[in-house]
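Beneath this line is the structure, given in structure tokens, with notes to follow.
The values are calculated or read from the model by the stated rules, or taken from the named source; none is laboratory data. None of the values given here were measured: they were computed from a predicted structure. Here the Cβ is made from the backbone with ideal geometry for all residues, glycine too, and neighbour counts use every protein chain on show. Heads up: the accessible areas ignore ligands, DNA and RNA and are worked out on the full protein's heavy atoms, side chains in. Shrake-Rupley method; radii C 1.70, N 1.55, O 1.52, S 1.80 Å.
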Amino acid sequence: MSDFWSNWIIVLTLIVLVGSVWLLIANRKTEVRGDLPEGEIPKTGHSYDGIEEYENPLPAWWFWMFLSTAAFALIYLILYPGLGNYKGVLDWTQEKQWQQSVDTAGLELDAKYAAYAATPIDDLAADPAALRMGRRLFNNNCAVCHGVGGVGGNGFPNLSDHDWLYGGSGEAIVQSITYGRQGVMPPWGAALGDRGVEDMADYLMSLNGQPFDAQRAARGAGQYKLFCTGCHGADGSGIQALGAPNLRDRIWLYNQTDTPLLENVRHSIRNGRNGNMPSHADKLRPEKIHLIAAYVYSLSQTSRQR
Ligand code: HEC
Ligand code: HEC
């Protein structure tokens, strides 16, 4: 604001303030005549449609309240910004006040995070306040992929069950979040051919108690020993160090709901899969990751064993 307009506002404000006080005092009447007989109480001479006005003083409480609001306004305008560019004696600003609240909240949060960071994950998983914070962080950072409540979806692992690609201990979960994970399933279409892929899929169905063709499954079993044991284990129960899923637990990472399971499994075998869990080391402080991990850990603890 230019000095001219600033001064303009200061002068206007002060004139209004002083003027209204002057008006009040200059017209003040102190004599109470309410005790006079009805006919003798003086009137102001105003008459509206025959209704006249007694000339009585303002109630004292009203008069003094008006004066004190004027005094309050004056003191306020001296202490705080309000008169044009004048900053006020206290040098108060919205920005400073806001920064102060942010700093205070930050300090409180840091103290909370620090306390939680020192608590082991399985203990935190029993602390409702910590889990509430963890859930909020999870919903903000993870739910886009893993769904609210960590229930997962096609290509995104369910984090609330007991089936883990990389392990469900507190440390394994922290590791998954911090550094991310890269699932590498090579494509086998070229090596196995179309018939080989179908044989293999039937073999996997046989491991899962699904309907299967016995002859194909038998051929698939032979190929499995050759190509798949190294990552998924001899019995198909997976190897967490490689992120190779258990292929016999009826839980499928890749299972588009509008496509039959058999087709999904054939697709995985033929074309391979490349699940990518992004690293969060740059996005989340270790204290936050610790809290989220506690929340994720708690999900599989409270859900029923499958
Ligand atoms: C180099 C290690 C490796 C080899 C060898 C391998 N896989 Fe995999 N497989 C993986 C990994 C890792 C995943 C998980 C991919 C992901 O997370 O995106 C996977 C995923 C799968 C899936 C999807 C599972 C699901 O839950 O949806 C199927 C099916 C599968 N593999 C079958 C096979 C078969 C059959 C063979 C042998 C022909 C085989 N894999 C060989 C590492 C391997
Ligand atoms: C961009 C999508 C995406 C985001 C965001 C994401 N994830 Fe993941 N996450 C994945 C995928 C995909 C996998 C599976 C990787 C694979 O196939 O190997 C995964 C795997 C995991 C695993 C390993 C699961 C297991 O069975 O071992 C955990 C734990 C996990 N995520 C937790 C989180 C948490 C916590 C967050 C939030 C901080 C998060 N993820 C954010 C996509 C995501």
**Prompt:** Inside the stretch 79-172, counting only helices (runs of 4 or more DSSP H) that do not spill past its ends, which hold 1 or more residues that are surrounded by 10 or more Cβ atoms within 10 Å (Cβ to Cβ) and within 16 Å of ligand 1 (Cβ to nearest atom)?
**Reply:** 143-146
**Given (1) more than 10 Å from ligand 1 (Cβ to nearest atom); (2) within 35 Å of the chain's Cα centre (by Cα); (3) of a type in the set (D, E, K, R), index of the condition Asp249 fails** = (1)
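Each row is one residue, and each column tells you yes or no for (1) under 44 Å from the mean Cα position of the chain (by Cα); (2) without any contact (Cβ under 8 Å) to a residue 60 or more places away in the chain; (3) surrounded by fewer than 19 Cβ atoms within 10 Å (Cβ to Cβ).
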{"residue": "Thr178", "(1), (2), (3)": "yes, no, yes"}
{"residue": "Trp188", "(1), (2), (3)": "yes, no, no"}
{"residue": "Gly193", "(1), (2), (3)": "no, yes, yes"}
{"residue": "Glu198", "(1), (2), (3)": "no, no, no"}
{"residue": "Ala201", "(1), (2), (3)": "yes, no, no"}
{"residue": "Leu204", "(1), (2), (3)": "yes, no, no"}
{"residue": "Pro211", "(1), (2), (3)": "no, yes, yes"}
{"residue": "Ala214", "(1), (2), (3)": "no, yes, yes"}
**Item:** Thr229 vs. criteria farther than 29 Å from Ala130 by Cβ, near ligand 1 (Cβ under 10 Å from one of its atoms) and without any contact (Cβ under 8 Å) to a residue 12 or more places away in the chain
**Value:** yes
**Prompt:** Out of the stretch 43-57, which residues are surrounded by fewer than 11 Cβ atoms within 10 Å (Cβ to Cβ) and among the aromatic types (Phe, Trp, Tyr)?
**Reply:** Tyr48
**Prompt:** Among the residues of the stretch 252-276, how many are within 12 Å of ligand 1 (Cβ to nearest atom), open to solvent by 50 Å² or more (accessible area, probe 1.4 Å) and either charged (D, E, K, R) or not in a loop (DSSP other than H, G, I, E, B) (or both)?
**Reply:** 6
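Suppose the filter is surrounded by fewer than 19 Cβ atoms within 10 Å (Cβ to Cβ) and more than 15 Å from ligand 2 (Cβ to nearest atom); does Leu242 pass it?
The answer is no for Leu242.
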**Asked** Applying the selection to the stretch 16-42, what residues are without any contact (Cβ under 8 Å) to a residue 12 or more places away in the chain, part of a loop (DSSP other than H, G, I, E, B) and open to solvent by 100 Å² or more (accessible area, probe 1.4 Å)?
**Response** Asp35
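Using the structure shown, decide if Ala60 is open to solvent by less than 50 Å² (accessible area, probe 1.4 Å) and either farther than 18 Å from Arg285 by Cβ or of a type in the set (A, V, I, L, M, F, W, C) (or both).
No.
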**Request:** Any residue in the stretch 45-65 that's closer than 17 Å to Val21 by Cβ and in the same structural domain as Thr30 (by TED's automatic domain parsing): show its pairings with residues that are open to solvent by 90 Å² or more (accessible area, probe 1.4 Å) and modelled with pLDDT under 90 at Cβ separation under 6 Å, as long as the two are six or more apart or on different chains.
**Result:** Pro57/Thr30
**Request:** All but one of (1) within 16 Å of ligand 2 (Cβ to nearest atom); (2) in a loop (DSSP other than H, G, I, E, B); (3) surrounded by 17 or more Cβ atoms within 10 Å (Cβ to Cβ); (4) in contact (Cβ under 8 Å) with a residue 24 or more places away in the chain hold for Gly236, so report the exception by its number.
**Result:** (1)
**Asked** Going by the structure shown, is Arg216 at pLDDT below 95 and more than 8 Å from ligand 1 (Cβ to nearest atom)?
**Response** no
